[in-house]
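This report refers to the structure that appears directly beneath it.
The values are calculated or read from the model by the stated rules, or taken from the named source; none is laboratory data. Because the structure is a prediction, the values reported are computed rather than measured. Please note: Cβ atoms are built from the backbone with ideal geometry, for glycine as well, and neighbour counts cover all protein chains shown. For the accessible areas, the whole protein counts, side chains as well, though only heavy atoms, and no ligand, DNA or RNA atoms are used. Shrake-Rupley method; radii C 1.70, N 1.55, O 1.52, S 1.80 Å.
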Amino acid sequence: MNNRYVGLAIALAVMVASPRAAGQQPGAADTVGGCPAEPLAFHTCALAKAKTFRPPRTSSGKPNLQGYWRNRLAQAFSVEGVSGSEPLVNDLVMPWTLAPAMIVDPPDRKIPYQPWAASIGRIGENYAKYLDPRTACGSGGVPRLALQDPNQILQPSTDDYVLWLFEDHHVQRVIAMNRRPPLGDAIKMTNGDSRGRWEGNTLVIDVTNLNGYTWFDDSGNFYTNAAHLVERLTLIDPDTIHYEVTVEDPKTYTRPWKLVWALVRQKEPGFELMEEACREGERDVSRIREGGYRYYFGESWRGR
Amino acid sequence: MRHGFMCAIAAAVLVAAPIAAAAQGSALPRTADGRPNLQGIWQVLNTAAWDIQDHQARLGVPAGQGVVEGNELPYRPEALVKKRQNFDNRATADPESKGYLPGLPRIMYMPFPFQIFQTRDHVAVAFEYDRGVRTIYTNGTPHPEGSINWWMGDSRGRWEGNTLVVDVVHFTDQTWFDRAGNFHSDGLHLVERFTLAGPDHINYEVTVEDPAVFIGPWKMSMPLYRRKERNVRLLEYDPGLLMDEEQAERERKKTK
C-alpha cells in the first residue's frame, strides 16, 4: 500500500497536505531570523543570537511575545525528517516533501524510542492501523498545534496567564504564570496542563497531565500519558521566536530528546485568526474507518 | 433547620451583593489601562443550557426559571412550528448532542467554567467545554465582510463606561439556544453586555435579533459567578472525543 487512506476524496488530501499546513514553501528564503534555514543550524545560531538580543517588552516589563505567528522549518510529515529513500515521497495521491529532521538532540536526530515503541511510531503500527487523531478532528495536541496553521499569543497585563490561540481546530491553551501547584495525576487531558515561567527572556512552559492521545506528525510518532514536555519560546529578533520542546517519557524513550523550529510573525495588515472548528467532524472519517483504520486513544488503548 | 436558615442568609447576600457593589462603581477591580477587570474564571448557576424559558423538571433536567425577559420568544408562526418539532426530537436533533460547538450565546451558559483574558486590543474567552475560544476584538475594527458562517460568530466589542458591549454576527444556522429546541437562522445578530457588578459577579445581558425567525428583538439576562475554589482552573471536556472513545470501546467489545 503506497498511501494510507487510499481512494479518499482529493479534498481531504488537500486539507491535510496543504502547503499552509506543512509550512514549507518551495523556493522560500534560506534564512530565518538571520539564521540558516535548517533546524539544527538554526538552533545553534538562534541560541547565540538570543544571548545579545534585547526583546521588546510589555508594559509590565516582560518580553513581549504577543502577535500572530506561523511555523517555519517545520513540516507535519515526520519530526524525524523525510529522506529521498522514503517511498511516500513518490506517492501519487499525496507525495511527501523532502525535509530535514526537526530533532536537534540526540545527535543522530532520531526519536530515541525503546525497542517496543520504535515499531509503533515511525510510519509503523500507528500509521498502518490507526486514524491520525488530527484527521479525526481531535486537537493536534502539544506540540503539533504550533506547527499547523497560524497561532496567536496574548499576554494580559496582569502577568498571571499567557493565552495561546490556534487556528487549527480553533482551540486554546491557557498557560498559568501564577506558580499554581501541579494538577492531580488522575486528571489527563489532550493538551495537558501548562504552567509557565520566565527564565531571563525565555518563556518556559511545563506541560504535564497529557493523555497521550495525540501524535507529533503524520507518521504516528507518539508519546504516552507519562510524558512531560518542556517548551521554550525565545525571541531572537523582533519577528522570530526560537521554539524548542524537550520531550521526556520514561515509558517510551531511552532518554529525553529535543525538537526545534521557528515561529515567524505574520505581518500582513489586518491579519486575524479564522475559525477552523472541526467539531462537526471530518466527513471522510467514516470512509477511512471502513478501510479498517481504528480510532487512536493512546498507547494504553492497546492494553499494555 | 438551622442549617437551612444559614443557607437562606447566604443566598440573600449572594443576590444583594451585585446591586450594592454596582452602586459604588469606583471600587470595581480595574486593569492597568483603567477598564473594568473582567478577568478570571466564571460560570453561570442556572438551567438555561437545557431551556432558556420557564420549565418544570424533566428526567435529567432540573426545573428552572427562565432567563428570557417576559419569558416568551416572539417566534414567527412557521418558526414556532419548527421549535415544537425541535423540542419533540431534541434528544437526537440538538446539534450540541452531536458534539458540535454550542455556538453563542449558548456556550456562555453551558454548565462549565470559562476564563476571560484582557489585553488592550482583545477580550478573549477560553471555554472548558470543547476547548472552545472566542476573541472579542476591542481595537475598533469592524466585522470582516463577506458571507461567513462561523460556529462562534465574529465578535467586535467596545467599552461603554463600565460595560463591555459586544456585537456578534456571521453565525451558522446549525446551533440552538438550548436543549429545548429554541433555534435561530444564520442571520442571527447578538448584542451582549458584560457589566462588572462587583468583584465576583458580572451581569450578562444578550439582545437577540433574527428577522427570519423572530418578529422582533428579545432579551435574556443572567449573572455570571466567579469560581472561587482555591487552585481552580479550566480542565477539558471534549464531547466529540468522548463520543469517539465510547464508540471505539463498543467496537472493541464486539470483536472480543
Can you tell me which residue in the range B:4-60 is surrounded by the most Cβ atoms within 10 Å (Cβ to Cβ), limited to those that are at pLDDT 50 or above and aromatic (Phe, Trp, Tyr)?
B:42
If you go through the range B:105-132, how many residues are more than 9 Å from chain A (Cβ to nearest Cβ), under 20 Å from residue B:174 (Cα atoms) and either small (Gly, Ala, Ser) or not in a loop (DSSP other than H, G, I, E, B) (or both)?
5
Which members of the range B:235-254 meet the condition of being within 7 Å of chain A (Cβ to nearest Cβ) and over 29 Å from the mean Cα position of the chain (by Cα)?
B:248
How many of the residues making up the range A:208-230 are in a strand (DSSP E or B) and crowded, with 24+ Cβ neighbours inside 10 Å?
3
Please go through the range B:143-177 and pick out each residue that is of a type in the set (Phe, Trp, Tyr), in contact with a Phe, Trp or Tyr (Cβ under 8 Å, 6 or more places away or on another chain) and in a strand (DSSP E or B).
B:150, B:171, B:176
Looking only at the range A:258-269, decide whether some residue is open to solvent by 20 Å² or more (accessible area, probe 1.4 Å), within 28 Å of residue A:226 (Cα to Cα), over 18 Å from the mean Cα position of the chain (by Cα) and touching a residue at least 40 places away in the same chain (Cβ under 8 Å).
no
Out of all the residues in the range B:206-224, which are out of contact with any Pro (no Cβ under 8 Å at 6 or more places or on another chain), assigned to a strand (DSSP E or B) and surrounded by 18 or more Cβ atoms within 10 Å (Cβ to Cβ)?
B:222, B:224
Answer yes or no as to whether residue B:180 is in a loop (DSSP other than H, G, I, E, B), open to solvent by less than 40 Å² (accessible area, probe 1.4 Å) and either without any contact (Cβ under 8 Å) to a residue 60 or more places away in the chain or under 20 Å from residue B:100 (Cα atoms) (or both).
yes
Residue B:151: under 16 Å from the mean Cα position of the chain (by Cα), buried (at least 19 other Cβ atoms within 10 Å of the Cβ), farther than 23 Å from residue B:45 by Cβ and among the hydrophobic types (A, V, I, L, M, F, W, C), yes or no?
yes
How about the range B:46-83: which of its residues are touching a residue at least 24 places away in the same chain (Cβ under 8 Å) and among the aliphatic types (A, V, I, L, M)?
B:48, B:49, B:52, B:61, B:67, B:68, B:73, B:79
Quick one: which of B:135, B:195 is hydroxyl-bearing (Ser, Thr, Tyr), part of a strand (DSSP E or B), in contact with a strand residue (DSSP E or B) (Cβ under 6 Å, 6 or more places away or on another chain) and more than 12 Å from chain A (Cβ to nearest Cβ)?
B:195
Please work out which residue is nearest to the other protein chains (Cβ to nearest Cβ), limiting yourself to the range B:74-95 and to residues that are among the acidic types (Asp, Glu) and open to solvent by 30 Å² or more (accessible area, probe 1.4 Å).
B:88
Pick from B:166, B:232: which is within 30 Å of residue A:178 (Cβ to Cβ), more than 13 Å from chain A (Cβ to nearest Cβ) and either under 15 Å from the mean Cα position of the chain (by Cα) or open to solvent by less than 60 Å² (accessible area, probe 1.4 Å) (or both)?
B:166
Among (1) assigned to a loop (DSSP other than H, G, I, E, B); (2) open to solvent by less than 30 Å² (accessible area, probe 1.4 Å); (3) modelled with pLDDT of 95 or more, where does residue A:162 come up short?
(1)
Output for the range A:73-87, where each listed residue is of a type outside the set (Val, Ile, Thr) and either part of a loop (DSSP other than H, G, I, E, B) or modelled with pLDDT of 95 or more (or both)
A:73, A:74, A:75, A:76, A:77, A:78, A:80, A:81, A:83, A:84, A:85, A:86
